[in-house]
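Inspection log for the structure reproduced underneath, given as structure tokens.
What follows draws every value from the coordinates through simple rules; no lab data is involved. Just so it is clear, the model here is predicted, and its values are computed rather than measured. Ideal geometry is used to build each Cβ from the backbone, glycine not excepted, and the neighbour counts take in all protein chains shown.
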Amino acid sequence: MASFSGAITALITPMRGGAVDDPALIALVEAQIDAGIDGLVPCGTTGEATTLSAAEHFHVVAQVVKAARGRVPVIAGAGSNDTRKAIELSEACREAGADALLHVTPFYNKPPQAGLIAHFSAIADATPLPIILYNVPGRTAVDLLPETVASLAEHPRIVGIKEATGDLHRASQLRERCGPDFALLSGDDFTVLPFLAIGGHGVISVVSNVLPGLIAELCRAAREGAWERARQLHERHLPLTRALFRRANPIPVKGAMALLGRCGPELRLPLLPLEPESADGEALAAALRALGLLP
């Protein structure tokens, strides 16, 4: 069985007055663990890692590690499009107490597949922590192909992938090429159920910021073969999932958490908060009301 599995939350980074909101972040971690989540990812895409300073990045990871107290694994986002910076950030996250690292494909540079192998191999050689690859070509303009992942999976510290293409054939290819012990984690909340059905181990989820208990139960039901229950939970979260991706992540999920009183709506430029009176804001509020989360 893969080392990392189940429902893992890609945490937002609560902010207030331009700084990280530590009380809201700590409360978020507690709520996630209380709801039965299986792991936490600070400083990923949802955590606005690209607009955090190096000091803030280290601080957020350290705060999440401290709040988690070893109850669930903390997989710190440590990606960069500069291999040297990715190695430096990996070491900082290790010092902060992270259990593993999430490394996205280098964005903007558009490296060839051989460059991706060299990039991730250099990082894995430089850190003792397990590494989960992160493929999200819609944001990075580079696709980590299955044959490249299979090559990287031979490294003892590269233990899994967050596959965010939403392509179920791709998920099948990865399972076939990398074997059952390589952690296959969905990065697409819309296709979690079929992803698990074809051999995925879990999800790194945006939606579980809002619905940690439901996403955790969905993953448990799938693991136990309770597919009818898993399907019911899948159908229940889909309206909210659609509302959470009407704009670029994490704009809507921050808006949802603000509506629920769990943090402020603040984001870092160039992202802007969701306007409650907009069509997207109204759709989000309606989805939350349908789940009984708002009056």
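Summary table below
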read-out: Span from the the stretch 63-103 Cα centroid across to the the stretch 230-262 one, whole angstrom; value: 26 Å
read-out: Dimensionless Rg/Rh of the chain - Kirkwood Rh, Rg from C-alpha atoms; value: 0.94
read-out: Considering only the stretch 6-224, percent of DSSP beta bridges that pair antiparallel, nearest 5; value: 5 percent
read-out: Rg/Rh for the stretch 27-96, where both radii come from Cα atoms and Rh is the Kirkwood radius; value: 0.98
read-out: Neighbour-count ranking [beta-carbon atoms within 10 angstrom, fewest first] of PHE4, PHE107; value: PHE107, PHE4
read-out: Estimated vicinal HN-Hα couplings, Hz - the stretch 168-180 in sequence order (Karplus 6.51, -1.76, 1.60; Gly, Pro = x); value: 6, 5, 4, 4, 5, 4, 5, 4, 5, 7, 9, x, x
read-out: Sites excluded, GluC sites (Glu not before Pro) in DSSP loops with at most 14 other C-beta within 10 Å, longest stretch of the chain; value: 1-153
read-out: From phi via Karplus (6.51, -1.76, 1.60), per-residue ³J(HN,Hα) for the stretch 147-158 in Hz, x at Gly/Pro; value: 5, 6, 4, 4, 5, 5, 5, 6, 6, x, 9, 9
read-out: At 0.692 mPa s and 37 °C, Stokes diffusion of the stretch 60-215 via Kirkwood alpha-carbon radius, µm² per second; value: 208 µm²/s
read-out: For the chain, built as a Gaussian network whose Cα springs stay under 10 Å, the top-fluctuating residue of GLY225, GLY36, GLY200; value: GLY225
read-out: Kirkwood hydrodynamic radius (C-alpha pairs) into Stokes-Einstein, the stretch 144-295, 4 °C and 1.567 mPa s, D in µm²/s; value: 78 µm²/s
read-out: Residue-averaged 222 nm ellipticity for the chain, from DSSP H runs of 4+ at -39500 (n - 2.57), nearest 500; value: -14000 deg cm²/dmol
read-out: ASN81 long-range amide H proximity, modeled H, under 5 Å; value: PHE107
